[in-house]
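FYI, it's all coordinate maths here, none of it is from the lab. Please read these numbers as outputs of a predicted model, since none were measured by experiment. When we count neighbours, we look across all protein chains shown, and the Cβ atoms used for this are built from the backbone with ideal geometry, even at glycine.
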Amino acid sequence: MEKLKKVSPFRLSSLIRLEKDPKLALQLFLNPNPGQTHNASPIRYSILSYDRIICKLGRAKMFDEMETILEKLKEDTRVIPKEVIFCNIISFYGRARMPERAIRTFHGIPDFRCRRTMKSANSLLSSLLLCREFAKMEEIISCFGNYGCPDVCTYNILINACCILGDLTNAWNVFDEMRSRGPLPNVVTFGTLINGLCSNLEMEKAIELKESMIREFKLKPNAYLYAALIKGLCKDNKLDLAITMKEEMLKKRVELDSAIYATLISAFFKNGRKDEVQGLLEEMNKNKCKCDTVTYNAMIHGLSEEGDFDSAFGVLNQMQEQGAEPDVISYNVIIRGLCKKGKLREANELFEDMPRRKCTPDVVTYRILFDGLCDGMQSQEAALILDEMVFKGHSPHPESTSRFITGLVQGGDMELLLRALNTFARVNLIGADIWRLIISTVCKEDELFEASESVSSMATE
């Protein structure tokens with residue numbers, strides 16, 4: 001019988017890269033030669049093997065397993081890991097909203113015979129920003145001198161933090177400090193600051209900064225920057241200027257994606273310029289920009305707001321014909337529009353038809369329909385939706401709960417009230433104010449004493 005060849009360190013790293021299942025990749029890493037004898041020498045792991053298994057486990061959010069490999073790496077003194085491995089780990093924890101683990105990883109880097117620089121500091125800042133841990137970011141910033149000089153990436157993260165906090169004054173201060181200290185701003189710097197200005201509808205400053213970026217820094221605006229400007233201009237009801245920006249993109253051969261067209265389509269409907277939407281769609285086709293679900297949903301929203309539900313349904317059918325499957329947002333938009341217009345029967349029919357259309361209602365769907373039925377005083381139908389919603393693990397908004405219970409109490413439908421209370425009590429959705437309202441109302445009528453006893457018993461459970 002031919003003897004099995006031992007897996008080499010180089011071969012192991014290649015096998016880990018090719019293995020799509022992270023659990024199998026972990027088994028392969030821990031036991032690369034399952035048939036070898038006990039006295040055989042163990043495999044000498046390469047830094048590449050460590051890097052690949054750590055990244056594979058991190059992307060799969062198998063953090064406990066990843067930490068086990070890190071302990072193994074710490075004990076493997078032959079290997080000197082590169083800082084980028086820890087940058088990746090910190091980023092994994094940031095995306096998973098686990099800031100404490102990200103901080104612990106950063107502080108533990110020296111234990112692995114590796115030096116911390118601004119690279120890992122930037123990774124930590126970025127992860128803390130994702131987690132909205134602004135106070136902890138300040139602690140890291142106060143120790144910058146230990147890791148080197150802040151670079152353009154550092155300043156971009158800090159500007160982004162200021163913009164998220166809505167503190168544009170400090171964002172400008174960071175930008176000015178960056179210019180005075182040497183790191184040249186890049187497209188990301190301008191894109192971040194312009195996006196912050198647009199979010200606050202400071203459109204003149206945003207456009208002026210874009211021009212300064214081109215004129216003084218010889219940088220070309222990218223699609224992200226133009227998208228922020230177009231979105232801001234549309235929000236600020238400056239549609240003609242937004243169209244000018246779109247034309248500038250075409251002239252400078254900056255690729256327009258479906259999201260930009262969707263923003264413009266929504267703005268056309270909002271500004272009563274529905275007739276111009278067809279021209280945008282033709283332009284998309286000419287530029288080989290395919291309509292996707294986001295674009296179609298913008299059209300569905302605009303048509304639903306106008307009450308043109310026949311056309312909205314037509315867009316749903318067109319989506320399927322064009323291979324862009326409607327998502328739950330597509331249906332939620334129409335159901336919301338139908339409820340607003342008081343077309344509750346049609347809204348309920350579409351809701352019931354969603355499974356046949358291979359789309360599962362989500363918590364937003366249930367809440368939209370429940371609120372619509374409550375507003376339309378259709379208590380029986382609302383109670384049915386409530387039962388199904390709770391069974392599916394969802395719950396209405398607290399204010400919707402109060403409104404529904406108040407309507408039942410005022411309407412005197414005690415049978416439906418007790419049924420609803422049982423449903424709410426199962427998931428602990430009723431506060432003390434609602435119990436007081438129910439008990440005080442029920443106890444006014446002597447013949448309803450038995451019902452008040454039931455309510456009181458549920459309140460004490």
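Selection over segment 309-345 of residues that are buried (at least 17 other Cβ atoms within 10 Å of the Cβ) and of a type in the set (D, E, K, R) gives a count of 2. Inside segment 176-222, residues that are touching an Asp or Glu at 6+ places or on another chain (Cβ under 8 Å) and at positive phi make up a count of 1.
In the set LYS288, LYS246, LYS252, only one residue is out of contact with any Gly (no Cβ under 9 Å at 6 or more places or on another chain) and either at positive phi or among the aromatic types (Phe, Trp, Tyr) (or both); that residue is LYS288.
Looking only at segment 316-349, residues that are more than 26 Å from the chain's Cα centre (by Cα) and not small (Gly, Ala, Ser) come to 14 in all.
Being assigned to a helix (DSSP H, G or I), within 21 Å of ASN287 (Cα to Cα) and of a type outside the set (A, V, I, L, M, F, W, C) is the filter here; which residues of segment 202-247 pass it? Matches in segment 202-247: TYR224, TYR226, LYS231, ASP240, THR244, LYS246, GLU247. Of all residues in segment 174-182, none are part of a helix (DSSP H, G or I), among the hydroxyl-bearing types (Ser, Thr, Tyr) and surrounded by 14 or more Cβ atoms within 10 Å (Cβ to Cβ). Remark: pairs (first residue in segment 8-25, surrounded by 13 or more Cβ atoms within 10 Å (Cβ to Cβ); second residue outside any helix (DSSP H, G or I) and of a type in the set (Val, Ile, Thr); Cβ separation under 9 Å; 6+ apart in sequence or on different chains) = SER8/ILE43; PRO9/ILE43; LEU12/ILE43; LEU15/VAL7.
Consider segment 113-128 and keep the residues that are hydrophobic (A, V, I, L, M, F, W, C) and surrounded by 19 or more Cβ atoms within 10 Å (Cβ to Cβ). The one that is nearest to GLU67 (Cα to Cα) is LEU124. Does ILE194 fit the bill of being touching a Leu at 6+ places or on another chain (Cβ under 6 Å), closer than 30 Å to GLU100 by Cβ and either touching a residue at least 60 places away in the same chain (Cβ under 8 Å) or part of a helix (DSSP H, G or I) (or both)? Criteria not met by ILE194.
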